[in-house]
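Student: Below you will find the structure I want to go over with you.
What follows draws every value from the coordinates through simple rules; no lab data is involved. What you are looking at is a predicted structure, and each value in this text was computed from that prediction instead of being measured. Cβ placement follows ideal geometry from the backbone for every residue including glycine, while neighbour counts extend to all protein chains displayed.
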Amino acid sequence: MSGPDLAIVGAGPAGLSAAIAARRHGLDVVVIEREGEAGGIPRHCAHPPFGLREFGRVMTGPAYARRLAAAAREAGAEIRTGTTVVAIEPGPRLVLASDAGAGELAPRRVLLATGVRETTRAARLIGGSKPAGVMNTGTLQGLVHLEGRRPFLRPLIVGTELVAFSAILTCRHAGIVPRAMVEAGEAVTARWPAALLPRLLGIPIWRGTALVAIEGERQVNAAVLQGADGRRRRVATDGIVLTGGFRPEATLVRTSHLALDKATGGPEIDQFGRTSDPAIFAAGNVLRPVETAGWCFREGRRMAGFVAASLADALPDPEPSLRLVAADGYAWVLPQRIVGGEGSREGALQLRVTRPLAGRPVVATEPAVRGAPFASRPERRLSFPLAALPAAATGTATIAVEPDEALR
Amino acid sequence: MPENALPSRRDAPDGRYDVAVIGAGVVGCAIARRFTLDGARVVVLEKAAEVLDGASKANSAILHTGFDAPVGTLEAAAIRAGHAEYLEIRERLGLPLIACGALVVAWTEAEAARLPALVATAHANEVADVVPLSAAEARALEPELGPGVAGAFRVPGEALIDPWSAPHAYLAQALLNGADLRLDAEVRGGRHDGDWRLDTTQGPVRAGLVVNAAGLFGDHVEERLLGASRFAIRPRKGQFLVYDKTAAALASHILLPVPTEITKGIVVCRTAWGNLLVGPTAEEQEDRTTAALDGATLAGLRARAEAILPALKDHEITAIYAGLRPATEEKGYRVRAVPERSYIAVGGIRSTGLSAALGLAQHVRRLWDRPAAPIAAPLWPTLPNLAETATRDWQRPGNGGIVCHCERVTRREIEAALAGPLPARTFAGLKRRTRVTMGRCQGFYCGAALAGLTAGRLAVPMLAEPGDAPDREADDA
C-alpha cells in the first residue's frame, strides 16, 4: 500500500497551514485529527484577534478555525477527523485508531503538529480536596463554547500568561465574574496591554501569591493562597482556572524512536523542521511552549516548504550539525540542531529566558558569538539570527545569557 | 435441600433477605458475591451514591502474596486464599493480572540486616519462592534503581491488578445472580428479633444476617446495631503520585521498601493501565471523608520517588490522589461473629483489602453456619479490559472513536459503563470504570465532550450546577 506524500498529525493552525502550503507544492496530503472537527485550540477561543495576517481581517477563534479547515479542504488536502495516531514508527509508519478500530498509514513524510496543553493541577502538586470546578483554560473554553455550560460563577484565575486573559474573556462571555487573578511571580507575565483587561473589568490581580490548596466536597468552595511572606489565607470561590504552564503534547515523540528535547518538551529538530528521523518533521506548538496561532500558521507553512524540498532531495544532509543547548538564563532554544553551510542560515533561533533577565546572548562556539542586548521575562519571544552562527561550527555549543544589570 | 440451608432467591419470600452486606467496598462486594454464589438472597447497602466510594477508591493496586503479613493471622490466611481465588476466577471475569513480581529493596545496611528475617516470615507464610538477591543482582534486574541499594529479595508471586474492575466484577456477578444493591442507603439503626430489621435512608430492610463491611464507618455501624462498638476506626491517609505512561518502562518489578511496624512504606510500581505509581504516605487523621492532598508532602513523595528511580525527574506527574485506610486502634483485622445477634463485623481492613477480599469472603461465609446450596450454573459477567496488556476497545471496529485521548477510552466503553448491571452513577464512578480523564491531560482535551456525553445520565452530574456565587465575606483574613 503506497501512502500519501505527506501525513500531517494534528489539524490546528500549524497542521492546516502546512497542508495548504504542501498542496501548493503539489504534494498529496492527508491530515489526521483526533477530535471530531478540524481547527485545533482556536475552535474554542471564541474571541478575537485571530487571522489578521493570514486572512487580512480580525476573526474569532472558531471563525478562524473553520476558515482554515475550509481552505485546507479547498486546496485538496484530505482531513480525517475522529482518527488518532497512536504510534509513530520508522518508515515512517503511523498506527491509527478510529471507529474502524486499529489501522495504519505509510506516508513518505510525516509532519507532527500536535500542539500544546496546559499544566494540570496534578503536575502542579496543588493540595487539598478534589471537587468539581477545577480545570485548565482549555477545558473551560470547551465547556463554555462547545457545550454551552457554566461550571462556576466566581472562580480564581491562576496565572497571568496571555491565555489567562483569554480565560477572562471566556468567563465574560458566559456571565462568569472571576474573583481575582492569582500570580505567583512579582509581575504579570503577559505583555502590556493584556493587564488592562482585568482592570477594566474590575478583577484584581494578586501578585506574589500562590495557590496551595483547594477546598470543597462536591464543588470548590474555597482556595488557600500563600503570599510571598509565607502567610496563608482562605478565599471563598467556586472554581479554579489553571492557566498556562504550556507543555508540548509530545506523547507520540516520547513513545517513539524520535529524540526528545527535555528543555522544550518537544521533538528535537534542525532548522528545516526535521526531527532525528529525517522523514519526520514537526511544526507549531509541539515544538515548544508556546506561540500564537499566527506564528504556528507561518511555521507550518515554512515547514511544508522544507518537506517538499526533502522529497525533492534538496535539503542539506542532517549531519554534521551544530547542536545547541540552552544554558544559564535560557529555558530552551529552537531549533536544537543547525546543519548545512552558509546557504542554510536563513531565519533565527527561538529562545525564552528562565527568569526576568537583562543581558546579551552568547553562543560558546569557537570563536564565541555574541548577540544584541535585551531585557526580557519568561514566556516572551526572543530570537537570535542563524546567520550570526559560525558557518563551519559543528559539535555541541551552549547558548547562555551574559547578564548585564545596566540593561534592566 | 436441607431444611436450614440457605434458600435460593426464587424461594425467598418477598422483602426478606438472607444476608444484608453493609458497605459496597471491595470487601463488601466480595462477600456479596460469595453468599450469592452459595445460594443466599443478598442485599448490599451502600450509603454513597456509588460503589467503591470509601477506602476502596484509592489503593496501590497490588495483589499481594501475604509474604510479609503477621504469621498465623487471619490477614495472612485471607490474603493467601484471596490471592489464590483471584488467580482462579480472573479469566472468566475478564480481570487483568500483571505477574511482574516484587523486589523488596533495602536502602541502608540496617534495612539489609532485616532482610533475612523478612525472608523467614515469607517462608512461615507459605510463600516459599522468595529469592534473596545481592545489591548487584537487584540492580541487574532493575537497572534504573538509584544509588544506595544495600540488598534485596524477590517475591515472584506479587502482581498488579485493576483495583476497581475486580470489585466491580465481584459485585456484578452477585447482581447478575440475584443480589440487590441499594445505593444512597445509609444504615441508621436496626433491631434484631431473630431477623434483622434495618432502618436505612432508602427504607426498611429485613435480613437474616448482617455483615458489617462499612470500612471507614464500620465502628459507627456496629454502634448503631449493637449499641457499642468493639473497635474504633482511626483513619490513616495515604497520598499517591501517578507518573505518565512513559515512566512505566523504568521499573519492571513492584519496588517495595523494607516495611516498618506501621506501614508497608512507599511503593513504586507500574499500574495495570501502564502508568507508574508512587505511594502511599501513612498519616493519622480524624476526618473519615476527606483525604486532603498536601503539596509539600507530594513534593516529598516525588523526591523519594526520584531517589528510588532517578530517571523519574524527566517524567511528568499525571495524577495525584489520596485515600483513607480504615485502620483501628489495633494492628490486625477486626473480624468477629456475634451468632446470637446474627451479626458479623469485618472491620479494620486497613490495608491489603484488595488482596484479601475474596479470602475474607470465604472466611465470613464459614462463620455463618448454614450449609451452602450453591447456585447450579452461576452467570459470569465479563468486565471490559482496560489494562494495556490485552486488546483494548480502541483496537476493535465500531468503537465510536476515542473520546479520552490520553487513556484511549472509546465512546462505546463510556456508553457501556453508563449501562449494564452496575452502571456508573457519579463521574468518579465513570472514571473508575473507564479511566476517562485519568491520564496526562486530566480532562484538558476531553472534559467538555464528557460533560456533553454524560449530561442527564449520572445520578450526580459531572459538573455541579453553580448555585449562589461565593461571598467574599466568607474569606478568612
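Student: Cα to Cα, under 26 Å, and not fewer than 8 places away if on the same chain: which lysines meet these conditions relative to B:Lys331?
Tutor: Those lysines meeting the cut-off are B:Lys57, B:Lys237, B:Lys264.
Student: Now for a different question. Spelling out what I want: for every residue of region B:205-215, take phi, set θ = phi - 60°, compute 6.51 cos²θ - 1.76 cosθ + 1.60 (Karplus), and round to whole Hz; glycine and proline get x.
Tutor: Karplus values, whole Hz, x for Gly and Pro: 9, 10, 8, x, 10, 10, 10, 8, 10, 8, x.
Student: Limiting things to C-alpha atoms, what are the Rg and the maximum Cα-Cα separation (Dmax) for region A:132-243, in angstroms?
Tutor: So, for region A:132-243, Rg and Dmax equal 13.1, 41 Å respectively.
Student: Quick one: among A:Arg218, A:Arg301, A:Arg179, which has the greatest mean-square fluctuation in a GNM of chain A with alpha-carbon springs under 10 angstrom?
Tutor: Result: A:Arg218 has the largest fluctuation of those listed.
Student: While we're here: Work out from phi, with θ = phi - 60° and the Karplus expression 6.51 cos²θ - 1.76 cosθ + 1.60, the ³J(HN,Hα) of each residue of region B:340-348, listed in order in whole Hz, and give x for Gly and Pro.
Tutor: Working through the residues one at a time gives 5, 10, 6, 9, 10, 9, 10, x, x Hz.
Student: For chain B, what relative contact order do you get, as a whole percent, if you take Cα pairs closer than 8 Å and at least 6 residues apart? Let's see the in-between values first.
Tutor: Working: 1044 pairs, mean separation 101.2, N = 477.
Averaging sequence separation for qualifying contacts and normalising by length gives 21 percent for chain B.
Student: Let me ask another. Within region A:340-379, which trypsin sites (Lys or Arg not before Pro) sit in a loop by DSSP and count at most 16 neighbouring Cβ atoms inside 10 Å? Display every interim value, and only then the final one.
Tutor: Working: sites: A:Arg345, A:Arg352, A:Arg370; in loops: A:Arg345.
Passing both the DSSP loop test and the Cβ count: A:Arg345.
Student: Would you compute, from DSSP H runs of 4+ residues alone, the mean residue ellipticity of chain B at 222 nm, taking -39500 (n - 2.57) per run and dividing by the full residue count, rounded to the nearest 500?
Tutor: On the way: 11 runs with 128 residues, N = 477.
The helix contribution divided over chain B gives -8500 deg cm²/dmol.
Student: What is the magnitude of the charge dipole of region B:418-477 about its Cα centre, with +1 placed on the Cβ of each Lys and Arg, -1 on the Cβ of each Asp and Glu, and no other charges, expressed in debye to the nearest 20?
Tutor: On the way: 8 positive and 6 negative charges, 164 e Å.
About 780 debye.
Student: Here's a follow-up. Could you tell me which GluC sites (Glu not before Pro) in region A:162-267 are loop residues by DSSP with no more than 13 other beta carbons within 10 angstrom of their beta carbon?
Tutor: Details: sites: A:Glu183, A:Glu186, A:Glu215, A:Glu217, A:Glu249; in loops: A:Glu183, A:Glu186, A:Glu217, A:Glu249.
Here the GluC sites (Glu not before Pro) that fit, given the DSSP loop and packing criteria, are A:Glu186, A:Glu217.
Student: Sorted from fewest to most neighbouring beta carbons within 10 Å, what does the list A:Leu201, A:Leu94 look like?
Tutor: Details: A:Leu201 13, A:Leu94 24.
Ordered from fewest to most neighbouring Cβ atoms within 10 Å, A:Leu201, A:Leu94 come out as A:Leu201, A:Leu94.
Student: Pairs of alpha-carbon atoms within less than 8 angstrom and 6+ residues apart define the contacts here; what relative contact order does region A:114-240 have, in percent? Mind showing how you got there, number by number?
Tutor: On the way: 237 pairs, mean separation 35.7, N = 127.
Reported relative contact order: 28 percent.
Student: Right, something else. For A:Val353, what residues show an amide H to amide H distance below 5 Å, using hydrogens built from the backbone and excluding near sequence neighbours?
Tutor: A:Ala331, A:Glu379, A:Arg380
Student: May I pose another question? Report, for the protein assembly as shown, the % of DSSP beta bridges that are antiparallel, rounded to 5. Working shown, then result.
Tutor: Working: 95 of 149 bridges.
Close to 65 percent.
Student: Suppose every Lys and Arg Cβ carries +1 and every Asp and Glu Cβ carries -1, with no other charges. What dipole size does the protein assembly as shown come out with about its Cα centre, to the nearest 20 debye?
Tutor: For this selection, approximately 1580 debye.
Student: Compute the relative contact order of chain A as a whole-number percentage, counting only Cα pairs closer than 8 Å that sit 6 or more residues apart in sequence. Spell out each step's value before the answer.
Tutor: Numbers: 1008 pairs, mean separation 61.6, N = 408.
Relative contact order for chain A comes out at 15 percent.
Student: Check cross-link reach from B:Lys313 to the lysines: straight Cα distance under 22 Å, and skip same-chain residues fewer than eight apart.
Tutor: A:Lys262, B:Lys245
Student: Further, regarding this structure: Work out the mean other chain Cβ neighbour count within 10 Å for the residues of B:456-464 and drop it here as an integer. Present the calculation step by step, with values, prior to reporting the outcome.
Tutor: Numbers: counts 0, 0, 0, 0, 2, 2, 4, 10, 12.
Taking the mean over all residues of the peptide, I get 3.
Student: Collect residues whose amide H, placed 1.01 Å from N in the peptide plane, falls under 5 Å from the amide H of A:Gly185; neighbours closer than 5 in sequence don't count.
Tutor: Answer set, sorted by chain and number: A:Gly208, A:Thr209.
Student: Let me ask you something else. Would you mind checking which residues have amide H under 5 Å from A:Ser321's amide H? H placed 1.01 Å from N; only 5 or more apart, or other chain.
Tutor: Amide H neighbours of A:Ser321, under 5 Å, 5+ apart: A:Gly395.
Student: Name the residue from B:Ala251, B:Val19, B:Ala78 whose Cα lies farthest towards the positive end of the charge dipole of the protein assembly as shown, charges +1 on Cβ of Lys and Arg and -1 on Cβ of Asp and Glu.
Tutor: Final value for the positive-end residue is B:Val19.
Student: Explain nothing, just the number: dipole magnitude of region B:171-320 about its Cα centre with +1 on each Lys and Arg Cβ and -1 on each Asp and Glu Cβ, in debye rounded to the nearest 20. Each step should come with its number before you reach the end.
Tutor: Working: 17 positive and 19 negative charges, 50 e Å.
Charge dipole, region B:171-320, about its Cα centre: 240 debye, nearest 20.
Student: Gain in length, B:Arg92 to B:Thr289, computed as 0.36 nm per residue apart minus the alpha-carbon separation, to one decimal in nm? The partial results should precede the final answer.
Tutor: On the way: separation 197, 0.36 × 197 = 70.92 nm, distance 3.45 nm.
Contour length minus Cα-Cα distance gives 67.5 nm.
Student: Could you estimate the translational diffusion coefficient of the protein assembly as shown from the Stokes-Einstein equation, with Rh from the Kirkwood formula over C-alpha pairs, at 4 °C and 1.567 mPa s, in whole µm²/s?
Tutor: Values: Rh = 29.4 Å.
Result for D is 44 µm²/s.
Student: Given the DSSP H assignment, sum -39500 (n - 2.57) over each helix run of at least 4 residues in chain A and divide by its residue total; what's the result at 222 nm in deg cm²/dmol, nearest 500? Before the final figure, lay out the partial values.
Tutor: Numbers: 8 runs with 76 residues, N = 408.
Only helices count here, giving -5500 deg cm²/dmol.
Student: For a quick check, take a GNM of chain A with Cα springs below 10 Å and name the residue from A:Ala279, A:Ala97, A:Ala72 with the largest mean-square fluctuation.
Tutor: Of the options given, A:Ala97 has the highest mean-square fluctuation.
Student: Counting only other chains, and only Cβ atoms inside 10 Å, what mean value do you get across the residues of B:292-299?
Tutor: On the way: counts 7, 10, 6, 11, 3, 2, 5, 2.
Whole-number average of other-chain Cβ neighbours for B:292-299 is 6.
Student: Expressed as a whole percent, how much of the Cα-Cα distance distribution for chain B exceeds 30 Å? Display every interim value, and only then the final one.
Tutor: Numbers: 53036 of 113526 pairs.
Tail of the P(r) past 30 Å holds 47 percent of the pairs.
Student: Let me know the mean shielding of B:402-411 by other chains, meaning the per-residue number of their Cβ atoms within 10 Å of its Cβ. Before the final figure, lay out the partial values.
Tutor: Values: counts 9, 2, 0, 7, 3, 0, 3, 0, 4, 2.
Partner-chain Cβ atoms within 10 Å, mean over residues of B:402-411: 3.
Student: Which whole-Hz couplings ³J(HN,Hα) result when phi for each residue of region A:165-177 is put into the Karplus expression 6.51 cos²θ - 1.76 cosθ + 1.60, θ = phi - 60°, listed in order with x for Gly and Pro?
Tutor: Going residue by residue, I get 6, 5, 4, 5, 5, 5, 4, 4, 4, 8, x, 9, 10 Hz, with x marking Gly and Pro.
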